[in-house]
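S.K.: Before anything else, here's the structure in question.
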Amino acid sequence: MKNEEGSWRIRTNHELNKLIENADTVRFKKSKRIDWLGHVMRMDEKRTPKRILEWEPIGRRIRGRPRKRLIEGDEEDIQRMGIRGWRKLCKERAEWKAKTHNGL
């Protein structure tokens, strides 16, 4: 956010609460991330963000539990919301917004 002098400043918690209308910040952030997921899934297959999102690494991994990819966390949230067939649903923008808006 820019102040009167034209330099950038960090918003306060009070300003952020007013901006998101006192919504739970974690739920707000997750809903925005799911909105972004739908946006990327509607992109053309050749676009870089779509290719990166759907990329699965090949080869050997380090020992231990594998790290979660971004889409795996989003899929858990979508499953928690009770949305089935989300890959087809996200192609229709209006339906995707309606399903995910009241979600988490």
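FYI, it's all coordinate maths here, none of it is from the lab. Computed from a predicted structure; not experimentally measured. Positions of Cβ are generated from backbone atoms using ideal geometry, with glycine treated the same way; all protein chains shown enter the neighbour counts.
S.K.: With each label point set 7 Å from Cα along the Cα-Cβ vector, what nm distance links N3 and E21?
M.R.: 3.0
S.K.: Let me ask something additional. How large is ³J(HN,Hα), in whole Hz, for each residue of region 31-40 in order, when computed from phi with the Karplus curve 6.51 cos²θ - 1.76 cosθ + 1.60 and θ = phi - 60°, using x for Gly and Pro?
M.R.: 5, 5, 5, 5, 4, 4, 4, x, 4, 5
S.K.: Is the C-alpha gyration tensor of region 43-104 telling us rounded, prolate or oblate? Criteria: a/c under 1.5 is rounded; beyond that, a/b larger than b/c is prolate, otherwise oblate. Working shown, then result.
M.R.: Working: a/c = 3.39, a/b = 1.51, b/c = 2.25.
It comes out oblate by the Cα gyration axes.
S.K.: So, one more: List, in order, the whole-Hz ³J(HN,Hα) value for each residue of region 69-86 obtained from phi through the Karplus relation with A = 6.51, B = -1.76, C = 1.60 and θ = phi - 60°; use x for Gly and Pro.
M.R.: So the J values, rounded to whole Hz, are 7, 4, 5, 5, x, 5, 4, 5, 5, 5, 5, 4, 7, x, 8, 10, x, 5.
S.K.: Quick one: length gained pulling H14 to R80 fully straight, 0.36 nm per residue minus the C-alpha distance?
M.R.: Working: separation 66, 0.36 × 66 = 23.76 nm, distance 2.97 nm.
Between H14 and R80, full extension yields 20.8 nm more.
S.K.: 7 Å from Cα along Cα→Cβ at both M43 and R61: what's the point-to-point distance in nm?
M.R.: 2.3
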